[in-house]
1. Can you find a residue in segment 81-93 that is part of a loop (DSSP other than H, G, I, E, B) and under 14 Å from residue 155 (Cα atoms)?
2. Scanning for something touching a residue at least 24 places away in the same chain (Cβ under 8 Å), crowded, with 24+ Cβ neighbours inside 10 Å and not in a helix (DSSP H, G or I), does segment 730-741 turn up at least one residue?
3. Taking the stated definitions as given, is residue 356 under 26 Å from the mean Cα position of the chain (by Cα), modelled with pLDDT of 85 or more and surrounded by fewer than 24 Cβ atoms within 10 Å (Cβ to Cβ)?
4. Filter segment 471-495 for residues that are modelled with pLDDT of 90 or more and either assigned to a loop (DSSP other than H, G, I, E, B) or not assigned by TED's automatic domain parsing to the domain that holds residue 565 (or both) and give the result.
5. Filter segment 384-399 for residues that are at pLDDT 60 or above and within 35 Å of the chain's Cα centre (by Cα) and give the result.
6. Being free of Cβ contacts under 8 Å to residues at least 24 places away in the same chain, assigned to a helix (DSSP H, G or I) and touching a helix residue (DSSP H, G or I) at 6+ places or on another chain (Cβ under 7 Å) narrows it down to one residue among 603, 642, 583; which is it?
7. So, in segment 85-95, of the ones that are touching a strand residue (DSSP E or B) at 6+ places or on another chain (Cβ under 7 Å) and without any contact (Cβ under 8 Å) to a residue 60 or more places away in the chain, which residue ends up farthest from residue 121 (Cα to Cα)?
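The values are calculated or read from the model by the stated rules, or taken from the named source; none is laboratory data. Please read these numbers as outputs of a predicted model, since none were measured by experiment. All Cβ positions, even for glycine, are placed from backbone atoms using ideal geometry, and neighbour counts span all protein chains on display.
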């Protein structure tokens, strides 16, 4: 840190120019990042069963356009009238000519796959577009065409798997931008209260903007290597703003104190409070004060503040805590890189990038600006609230800490019981891919599904693809009876609306049309889609009678598997529902690995920093309680619907996004370590200064409570801003993190931790002598 502090403080212009160049080069790439992100969680499961089915349909059956766009039309006058039929036919003819659309299926008024209402006012038109390359472009052109055709006579809305995924991507980006716009003014106002000066208020925001810009550019580069989750940009924004402002708050406060000491003032900062780094002896006498009006030995005049020396000292002291805090957050986010799921790894990599860049900006760009600003960091002074701006120990928080430590068992048991109560709903957590129901009402692709379900065609979005393997043998007459028996068994399953196969029922022929030519075309089309080009693979598509919610998919999938297994065929099962379930199972299965890795890394880091075995164990346990309570609250609201309405969360979601528990754990476990380090480093500092364990705890709370609560309020605002979006998963992440930070900075850090430290006494600082000799030494200050 000495070398870095000297470099930054002596060459501030060079440091700032380097950052400005990096930011300027990053902006064009950062702007492209949101459009390159992916909302399909299963896209990263390259060897999953559903991916193998998709590959087989493309490579063995020659199907590259299995991506279905559903256009919901309301006709006035209705279909069945000359004017209504003419308007609808013009719409179909134009849709057929849209680039990227390979096939169009008109609405059918009869048969098992009815896509037209009896009165002719509501109809579903299916347009096939490419499955992978060019899918979003083709959908965009379909939507543009639909917009040109939309009129009072023909109202058109677009839905389908690709439309839902693209809406997720669009609204995730939109929500992030809107959250920034909502949060930044509130954060600015709070920072003004904390710092009192306009210049100091702007510095944390500048650090956040710099780190987010460069991190988003790096994320764009990552999209060329792997599928990157839509949620990665939300994580980068949350970490960049939340942690960046957290660290800047610490650094700017320390710089102002160093300026005061350098200028020969007493232990007061510009607001009249004492520096929180002052030492007092056990009887309360000051031991580290700088006498008022102290003169330099050389000139006999009061010493002039040296901003570069103050910036250097800031990096060497507060910078250590920032670097250590950032390292703990990075370890937690790196836990997401361990699961072999590209979608989750991308979030982990994005999170690590955001944290490391935030730390780097806090340790370089911020002190460089401070070195150049000097005392101007305190101008123009607009507010002067000593309770917020003073670095002195707070009499109120000190008294509060004494009350907590006077009854430690009550505090520990009461706090732990409340956290466990809040966590209890998580015992019944259900995870999955919510699909369109993961968007809020008002989004077209979600709202249009209501009409699709009204017609009983919701199963079009929940189709299961069954690939039967004949083990290299070509399909022949002997296979017909066996194949037909399986199709019959699948049709008889509960909840199945129909099965697409070469074995047509009278209802299927009726739906194809009344003349022989139409019926022959239907048979030919189904035969083509049902056999691979070498006729060694057979295909059956099972269509449920509704759009299956995530909670019903496992049961439906199980009955299909049981039926196919009973037939004796070797098979693969795919389709959108299976892909979503595979992702959910994969990420749920990876959670223990992530937790173990994060716990191990955090334990080792805290053991080195605090020379203790008990403190790391305590920190892990209490952070886990915080995360558990946050997940429980989110489960209660999002899954069970408690208070969902007032928070703008639909009551019909039914499940939590599968990635939510692991994301909440990684992000919140890392961020909560900020407050842990702020508090424990002060406890250790007071303890090493000669105070008893109990007194060190009380004094540490008195000195750090202000900065913890100020930082927590800022974090809360950043996270809560995400609860106003249109993507339920993003709202859930914002809600969970807001709850977690509120609990962590109040109940856990200022009640549970001090009480536990009181009960543990001298055991807090126990470390075997043989281990103490072998561990490197790290000194933390703030």
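1. Going through segment 81-93, the residues part of a loop (DSSP other than H, G, I, E, B) turn out to be none.
No, segment 81-93 contains no residue that is part of a loop (DSSP other than H, G, I, E, B) and under 14 Å from residue 155 (Cα atoms).
2. No - not one qualifying residue is present in segment 730-741.
3. Taking the combined requirement at face value, the residue satisfies it.
4. 492, 493, 494, 495
5. Answer for segment 384-399, where residues must be at pLDDT 60 or above and within 35 Å of the chain's Cα centre (by Cα): just 397.
6. Just one listed residue meets the conditions, 603.
7. Here is the first cut: in segment 85-95, the residues touching a strand residue (DSSP E or B) at 6+ places or on another chain (Cβ under 7 Å) are 85, 87-88, 91-92, 95.
After this cut, where a residue has to be without any contact (Cβ under 8 Å) to a residue 60 or more places away in the chain as well, the list is 85, 92, 95.
On the way: 85: 11, 92: 16, 95: 19 Å.
Across segment 85-95, the extreme among qualifying residues is 95.
Results for (1) within 30 Å of residue 674 (Cβ to Cβ); (2) in contact with a helix residue (DSSP H, G or I) (Cβ under 6 Å, 6 or more places away or on another chain); (3) without any contact (Cβ under 8 Å) to a residue 24 or more places away in the chain; (4) part of a helix (DSSP H, G or I), shown as yes or no for each residue.
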| site | (1), (2), (3), (4) |
| --- | --- |
| 147 | no, no, yes, yes |
| 164 | no, yes, no, yes |
| 167 | no, yes, no, yes |
| 174 | yes, no, no, yes |
| 189 | yes, no, yes, yes |
| 233 | yes, yes, no, yes |
